[in-house]
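S.K.: The structure's right below; bear with me while I get my questions together.
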Amino acid sequence: MTQTDTAEHTQDGGGRDTGSTGRRAGVRRAIRAASRPGPWKRGPVLTALALLLGLLMPLHARITGLGGLGSLVETFLPWFGLFIPVLLAGALWRRSASAVAALLLPAVTWLSLFGGLLSDKSHPGSHLTVAGHNVSAGNPDPAGTARALAASGADVLALEEITAQAKPLYEKGLKKAYPYHTVQGTVGLWSKLPLSDTRPVDIKMDYGPLGDTKPVDVKMTYNRALRTTVATDRGPLAVYVAHLGSVRLMPRGGFWTASRDRGAQALGEALAADPSERVVLLGDLNGTLDDRAFAGITSRMRSAQDAAGDGFGFTWPAKFPVARIDQILVRGVEPDTSWVLPATGSDHLPVAAGISW
């Protein structure tokens, strides 16, 4: 009877050589393991998206303006930070070290752009409180809105989108708290202090040959900007109230901003020509201050919310605010505090700021 050396060689019941089979399986496993990408090679798409996000935020001004794409991106620029945790979750799932490292770029960029807005920068010492509100042409309760705004304690109150039907209700509701007021077209200013040198400001809502032929009283019915002087015990304060043209997201035309951009340029020119030492701009600009369209304004004035607010101060839409398009901008005065007031019957939230000089 012949015996085999089982220490070197074994066979299964079917006569297969299990030793050689195991060796071949081990070789295959080793080849597969060696061919798998390491943690620095995994997730190339995630890595590329992280780098793209990190470059998009600081270079947003270089995005094409074709179809209003640049303005659309800039309107919602802070929200691009939400892509960071999404990409991070994908990078961890893929165990991609390169994607995690690449995400440092958008994270640092977002914090450098918007991190300063997250802290409370307010301080006491205000001499005057100003407030502004797009009260909405479709407001179902103008009288209630007037009462709420009168209770805000603002010394100077700007309203935009005042309709002919609602105007008497605002005048009645605000008369007791504000003895001085002016309404120019669809914008108005109510004040506890005397007003003077009040006039409309042309922001090119009706321009071109056809607009030039219309009489002043016809244009005045839909005028959307004014300038006045408030007499304070610390000297005159020039106050502008403005409601720039609306923007539209069109299926074919893209993000339409022509009317808004034209008004922003005209308003910037008016502010540049104003020799007043102290200037405040209150209004619905229909855009965030990251938008390139407001360069002519932001180069001369600064945001009260950025300087003395707490958080982003989003104002629109009132039910779930995603953008701050209602602004308080100042020149020659110091913003001490800035905040968003409670909702009224409007689709915008009111804004307020305390200033001093």
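The values are calculated or read from the model by the stated rules, or taken from the named source; none is laboratory data. Because the structure is a prediction, the values reported are computed rather than measured. Backbone-built Cβ (ideal geometry, glycine too); neighbour counts: all protein chains shown. Accessible surface areas use protein heavy atoms only, side chains included; no ligands, DNA or RNA. Shrake-Rupley method; radii C 1.70, N 1.55, O 1.52, S 1.80 Å.
S.K.: Using Cα-Cα distances under 8 Å and only pairs 6 or more residues apart, what relative contact order does region 150-207 have, in percent?
M.R.: Computed value for region 150-207: 37 percent relative contact order.
S.K.: Amide H neighbours of N134 under 5 Å, counting only residues 5+ apart in sequence or on other chains, H built in-plane at 1.01 Å?
M.R.: Placed amide hydrogens put E160 under 5 Å from N134.
S.K.: A further question follows. About its Cα centre, what dipole magnitude does the chain give when the only charges are +1 on Lys and Arg Cβ and -1 on Asp and Glu Cβ, stated in debye to the nearest 20?
M.R.: I would put it at about 1140 debye.
S.K.: Hey, rough spin-label estimate for H127 and M250, points 7 angstrom out along Cα→Cβ, what's it come to in nanometres?
M.R.: With each label point 7 Å from Cα toward Cβ, the separation is 4.7 nm.
S.K.: Under a Cβ-Cβ cut-off of 11 Å, what is the net charge of the residues other than A177 that fall near it, where Lys and Arg count +1 and Asp and Glu count -1?
M.R.: Local net charge: +3.
S.K.: If one puts a single equal scatterer on every Cα of region 251-333 and applies the Debye formula without solvent, what log₁₀ I(q)/I(0) results at q = 0.12, 0.18, 0.20, 0.24 Å⁻¹?
M.R.: Debye curve over Cα of region 251-333, log10 I(q)/I(0) at q = 0.12, 0.18, 0.20, 0.24 Å⁻¹: -0.38, -0.80, -0.96, -1.25.
S.K.: Compute the relative contact order of the chain as a whole-number percentage, counting only Cα pairs closer than 8 Å that sit 6 or more residues apart in sequence.
M.R.: That works out to 18 percent.
S.K.: Relative to the compact-globule scaling 2.2 N^0.38 Å, provide the ratio for the alpha-carbon radius of gyration of region 111-169.
M.R.: The value comes to 1.54.
S.K.: Compare D284, D120, D310 in a GNM of the chain, Cα atoms joined below 10 Å, and give the one with the largest fluctuation.
M.R.: Largest GNM mean-square fluctuation: D120.
S.K.: Carbon and sulfur atoms: what percent of the 1.4 Å accessible area of the chain do they account for?
M.R.: 61
S.K.: Name the residue, out of D326, D336, D141, whose mean-square fluctuation peaks in a Gaussian network model built on the chain with Cα pairs under 10 Å.
M.R.: D141
S.K.: Here's another thing I want to ask about it. Please work out the C-alpha center-to-center distance from region 58-129 to region 142-200 and express it in whole Å.
M.R.: Distance between centres, Cα-based: 37 Å.
S.K.: Might you tell me the accessible area per residue for region 92-209, computed with a 1.4 Å probe and given in Å²?
M.R.: Per-residue value: 50 Å².
S.K.: Who wins for biggest fluctuation among W93, W79, W316 in a Gaussian network model of the chain, springs between alpha carbons below 10 Å?
M.R.: W93
S.K.: Next question, about the same structure. Give K176/K204; K121/K192; K121/K167; K121/K175 a once-over and call out the pairs whose C-alpha atoms are over 31 Å from each other.
M.R.: K176/K204; K121/K167; K121/K175
S.K.: While we're on this one: Separation between the E269 and S20 pseudo-spin-labels, each 7 Å from Cα along Cα→Cβ, expressed in nm?
M.R.: 9.2
S.K.: For every helix of n ≥ 4 consecutive DSSP H residues, a contribution of -39,500 (n - 2.57) applies; sum these over the chain, divide by its total residues, and give [θ] at 222 nm rounded to the nearest 500 deg cm²/dmol.
M.R.: Taken over the chain, the calculation gives -9500 deg cm²/dmol.
S.K.: Give the relative contact order (percent, whole number) for region 266-357; include only Cα pairs under 8 Å separated by 6+ residues.
M.R.: 30
S.K.: Something else now. Just how much of T163 is accessible, in Å², when a 1.4 Å probe is used and the result is rounded to the nearest 10?
M.R.: Result for T163: roughly 40 Å² accessible.
S.K.: Multiplying the sequence separation of R300 and E277 by 0.36 nm and subtracting their Cα-Cα distance, what value in nm do you get?
M.R.: Stretched fully, the R300-E277 segment lengthens by 7.1 nm.
S.K.: Let me see the pair-distance distribution of region 57-138: every alpha carbon pair, 5 Å bin width, integer percents in order.
M.R.: 3, 10, 14, 13, 15, 15, 12, 8, 4, 3, 2, 0
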